[in-house]
Amino acid sequence: MTVKKIVFVSHCVLNTASKVEVVISRGLKEEELLRKKFLLKAIEKDIHMIQLPCPEFNLYGARRWGHAKEQFDNPFYRENCKSMLEPFVLQMKEYVCNSERFQVLGIMGIDGSPSCGVNLTYCGQWGGELSSNPNLSSMLQGIHPKKEKGVFMEVLEELLHKNELDIDMISLNDFEKLFL
Ligand code: SF4
């Protein structure tokens, strides 16, 4: 029997329309190149992709600002992430339990995201009223990379532990590891 290989992917791996609207930067162009490389290889290798929900789009919509991790690190956002992820964790369990038919290769996130970062997120003391903040520029510049998961991936990691699921979490940046 052929074992079907499955990877769970952050929503924007398949649908970049969910992302925050930004001026296209060099970093984003590189991400887009990687995304296409990954998708082409996944199709070529007959890997099945399951799309996780986009927590930021679901909670803040298409007109949201970019955020720092601290702004999402609150009980309300975490609880909503949990509700979104629980049905997917059930799917993971079912696939893992039927290992003669399925192999879950991993969960792929997006480094840099305050929600879906796996190895890297962005932190900063952002918040408050923008229009009347006299120090807005210096506050915005205080954002910095940090080697930790975004909030959505942290919640997912907790759910994996709770359900005794041992599934690798990798970043799109490291997608080649899936095919080793
Ligand atoms: S929250 Fe996650 S899925 Fe949504 S756009 Fe950001 S990285 Fe992609």
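The values are calculated or read from the model by the stated rules, or taken from the named source; none is laboratory data. From a predicted model like this one, the values you see are computed outputs, not experimental measurements. Positions of Cβ are generated from backbone atoms using ideal geometry, with glycine treated the same way; all protein chains shown enter the neighbour counts. Heavy atoms of the whole protein, side chains included, go into the accessibility calculation; ligands, DNA and RNA do not. Shrake-Rupley method; radii C 1.70, N 1.55, O 1.52, S 1.80 Å.
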Looking at the range 4-179, send over the antiparallel percent of its DSSP beta bridges, to the nearest 5.
20 percent
Run the helix sum for the chain: -39,500 (n - 2.57) per DSSP H stretch of 4+ residues, divided by residue count, reported at 222 nm to the nearest 500 deg cm²/dmol.
-12500 deg cm²/dmol
For the chain, the helices passing both cut-offs (Cα extent along own axis of 24 Å or more, Kyte-Doolittle mean at least -0.5, full DSSP H runs) are 75-97
Heavy-atom accessible area per residue of the chain, all protein chains kept, 1.4 Å probe, expressed in Å², is 59 Å²
Let me make sure I get this right: for the chain, a, b and c are the square roots of the gyration tensor eigenvalues over alpha carbons, sorted descending. Under 1.5 in a/c it's rounded, otherwise prolate if a/b > b/c, else oblate. Which is it?
prolate
Under 12 Å from the Cβ of ASP46, count the other residues' Cβ atoms, weight Lys and Arg +1, Asp and Glu -1, and hand me the total.
+3
DSSP-loop GluC sites (Glu not before Pro) across the range 59-130, with at most 16 other Cβ within 10 angstrom:
GLU100, GLU129
Can you tell me, using C-alpha contacts under 8 Å and at least 6 residues apart, the relative contact order of the range 1-121 as a whole percent?
41 percent
With only Lys, Arg, Asp and Glu charged, each at its Cβ (+1 for the first two, -1 for the last two), find how big the charge dipole of the range 4-179 is about the Cα centre; round to the nearest 20 debye.
440 debye
